[in-house]
Structure formats: structure tokens, C-alpha cells
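The values are calculated or read from the model by the stated rules, or taken from the named source; none is laboratory data. If you're wondering where the values come from, they're calculated on a predicted model, not measured in any experiment. Cβ sites come from the backbone with ideal geometry, for glycine too, and all protein chains shown count toward neighbours.
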Amino acid sequence: MKETDILIPTSTIGSYAPPSWLCVTLEAIGRGELGETDINETFDDAVRTAIADQERAGVDIITEGEMRRQDFVLGFYERLTGLEQMPAPRTLGPDGHDQRGKWLPSVPLAAPDGLGILPEFEFAKNETTKPLKVTCPGPFTLSGRIQTGGIYKERLEVAYACAEIINTELRQLVAAGAEFIQLDEPSYAVYPDRPQEFVKLFNHTVADLSAKIGLHICFGNYRGRAVGKRSYRPLFPHILEAEFDQLALEFANREMAEIALWSEFPNDKELAAGLIDVKNYYVESPEDVAALLREALKHVRPEKLAITPDCGFSQTARWAAAAKLKAMVAGTEIVRHELTGTTS
């Protein structure tokens, strides 16, 4: 079944919960105990696990789970040339954003071997018959850990350098058959005073791409915590000028706050509404999800609405992620039947 044939399709945002055996194996890889074949087999099996869990839950549009990535963006810096890792400003105490270091560029940014997203997609597309969404960090978010003041004077300059690298990767993805690509930009919400600059940067990044384009804006999920003030209002209505087809926003952990922005600023884009709280170990019931979905439908036409979790599941235990996905699908089914007049 094609995505366009599905009423209110369900999807994940991108990352999936790592299985426990992958966590153990990653430690062994770090100690140099595995060979190249062992490592490739490990990541291949992790992707198969993520896909299988999504398919068992009945998710309509799946991702490969970002199983080969390190902490959302950190692994990408290893693919950029001329970067020296700097120490984190804080190493003790509770996990937080300030425990991640920065990278100092010694030459202009380049990724001669790509970002690695293309081989992720090429593997995953042969592991499922379901529609597949490809995810990629956006240039402003990717620029966040790169030190300015030297080669690059300020962050937007770094972001535009990242945009060129990302655009090249996305063009290759489209050529390989990718039909739905989502850029993740949580940093937009952390710096809400520059939406026009973000629109210009985003449009430059996705220029000349013949694919469905999604934009995911959240408030951060590093170690299950947000960063910055949790409000989308400063980005509206300017963000709607960006050349995306679908905007993914988080609502579940904010009790549907700001869902009315969608009717306040009418537009013809799709909304992927986050109705599963990934920062909470309460497992929603199908009825919980259905109630939130009915609230979303007060502001979004059903043919323009998709359902997702608030953010990725990389910071969530696998048992909880699997249970939450099943509830998301079941709750969506309840409302689909109400809309169509059919019974399950």
C-alpha cells in the first residue's frame, strides 16, 4: 500500500530504541574486540530488529531506526574532514547537553565519503515492503557542535557549509529511490528569534529535490530531556514558508498545547502530530491516543494529518517503545473507523 492510500498514516520520527544486545556490543566495538564483518553484521541485525518492531506494531511508514548513528548527530562529525574534538565543559553529574564537547575545524567542512545515510537507505529498502522515510539532521542542528570563531565566524556560516554536504547526500538518496526525506531541526525551536533565516537555510538545503520533504522540529530529547523554551509560536507563521510537505511537531508531552496554531495560520501542508510522549514511561492506551487525535482533528483535515511519537525513541527502553507504537496504531485505527463509518 502506498502512503497516499492511507488515511491518517502512522510513522515513527526516526530513531528507534536500541536493543540491549546492541548496547553491549557497542561497548565491545569500542574496545576493539570485533572485526569489520562482525560490526557490519551487528548493525544490519539492529536495523532488522527496528524494522520488525515497527512492522509488528502495524506502523504504516517506517524508518530504519537510525541504528548505525551515534547520539543523533555525534557520529556524523567523524565523517567530516578536518575536525578536532574538544573536551566537554562538564563531565560529572546528571546527563545533560553541556556534557557534549565541540569540534574545532581546521579546514573547510567536507564529507568526501558522504554522511553514510545513503548506504543506510540502500540496506533498509531491501528489508521491508512498507513505505520508508529517510531521516537526516538539518544543517542548523548539525552545525551546533562545531566551534566558531576560526574558519567560520558564526553558526549560520557553518550551517550553510553543512547544507551543501547534506544537499549532496539527499540528491544521492533521491537517485537511489528515496521518496520521503525528513530533516530534523530541533535547534529551530531553541533559537526562535530567527525564523526567516531558518526558512532561507532550509530551502537552500532541499533545493531541486524531487521527493516528499518533511521537517521535524522538537525541543530536544538528549537523555530524555528538552532544551530551550517549549513553544512553537515564535516560529509561526514564517516557518510555513519553508519548502516542506510535512511538518512534524510534538504535542503529547505538552497536553496538545499550540495545536490551534494549525488553524490559526491556515495552510495546505501536512501536519505530523506527535501524540506519543517519548519522555514518559507511562504507556498510552489506544483510547488515550484516540482522544488526542480527535483534538488534533479539530484543527487539521484528516487528509492532511499523520500521527507520530513526539520525537525519536533512542532514549526509550525497547519494551516501552514497542508498547507505545502498538497503542499509537490502535488509537489511530479507532478514529479511522469513526471517520469512515467502518468497524474493525
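Of note:
- Helices (runs of 4 or more DSSP H) fully within region 185-271 counting 3 or more residues that are polar (S, T, N, Q): 195-205
- Pairs meeting the criteria (first residue in region 3-15 and part of a loop (DSSP other than H, G, I, E, B) and hydrophobic (A, V, I, L, M, F, W, C), second residue surrounded by fewer than 21 Cβ atoms within 10 Å (Cβ to Cβ) and at pLDDT below 95, beta carbons under 9 Å, at least 6 apart or on different chains) are 7/340.
- The lone exception for residue 184 - which of (1) touching a Pro at 6+ places or on another chain (Cβ under 8 Å); (2) surrounded by fewer than 19 Cβ atoms within 10 Å (Cβ to Cβ); (3) charged (D, E, K, R); (4) modelled with pLDDT of 95 or more it fails: (2)
- Some residue of region 45-53 being part of a loop (DSSP other than H, G, I, E, B), buried (at least 17 other Cβ atoms within 10 Å of the Cβ) and either of a type in the set (Phe, Trp, Tyr) or in contact (Cβ under 8 Å) with a residue 40 or more places away in the chain (or both): no
- Inter-residue pairs, beta-carbon under 6 Å, first farther than 18 Å from residue 99 by Cβ and in region 213-233, second at pLDDT below 95 and of a type in the set (Ser, Thr, Tyr), 6+ apart: 217/188
- Hits in region 60-85 (condition: assigned to a loop (DSSP other than H, G, I, E, B) and free of Cβ contacts under 8 Å to residues at least 60 places away in the same chain): 67, 68, 69, 70, 81, 82
- Residue in region 118-125 that is at negative phi, part of a loop (DSSP other than H, G, I, E, B) and charged (D, E, K, R) present: yes
- The single condition among (1) in a loop (DSSP other than H, G, I, E, B); (2) at pLDDT 95 or above that residue 342 does not meet is (2).
- Residue in region 330-337 that is without any contact (Cβ under 8 Å) to a residue 24 or more places away in the chain and part of a helix (DSSP H, G or I) present: yes
- So residue 164, is it closer than 27 Å to residue 200 by Cα, touching a helix residue (DSSP H, G or I) at 6+ places or on another chain (Cβ under 8 Å), assigned to a helix (DSSP H, G or I) and acidic (Asp, Glu): no
Yes/no per residue for (1) closer than 21 Å to residue 183 by Cβ; (2) under 22 Å from the mean Cα position of the chain (by Cα); (3) in contact (Cβ under 8 Å) with a residue 12 or more places away in the chain:
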| residue | (1), (2), (3) |
| --- | --- |
| 281 | no, yes, yes |
| 286 | no, no, yes |
| 301 | no, no, no |
| 308 | yes, yes, yes |
| 311 | yes, yes, yes |
| 318 | no, yes, yes |
| 322 | no, yes, yes |
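- Taking the conditions (1) of a type outside the set (A, V, I, L, M, F, W, C); (2) part of a helix (DSSP H, G or I); (3) surrounded by fewer than 17 Cβ atoms within 10 Å (Cβ to Cβ) in turn, residue 25 satisfies each one other than (3).
Each row is one residue, and each column tells you yes or no for (1) touching a His at 6+ places or on another chain (Cβ under 7 Å); (2) under 18 Å from residue 71 (Cα atoms); (3) free of Cβ contacts under 8 Å to residues at least 12 places away in the same chain; (4) crowded, with 16+ Cβ neighbours inside 10 Å.
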| residue | (1), (2), (3), (4) |
| --- | --- |
| 87 | no, yes, no, no |
| 95 | no, yes, no, no |
| 109 | no, no, no, yes |
| 113 | no, no, no, no |
| 117 | no, yes, no, yes |
| 133 | no, no, no, yes |
| 148 | no, no, yes, yes |
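- Taken over region 126-146, the criterion of being outside any helix (DSSP H, G or I) and within 15 Å of residue 76 (Cα to Cα) is satisfied by 135, 136, 137, 138, 146.
- The sole residue among 198, 140, 219 that is of a type in the set (A, V, I, L, M, F, W, C), buried (at least 21 other Cβ atoms within 10 Å of the Cβ) and either over 17 Å from the mean Cα position of the chain (by Cα) or farther than 24 Å from residue 314 by Cα (or both) is 198.
- Scanning region 272-302 for residues being assigned to a loop (DSSP other than H, G, I, E, B) and within 22 Å of residue 323 (Cβ to Cβ) gives a total of 9.
- There is at least one residue in region 169-177 that is within 27 Å of residue 59 (Cα to Cα) and part of a loop (DSSP other than H, G, I, E, B).
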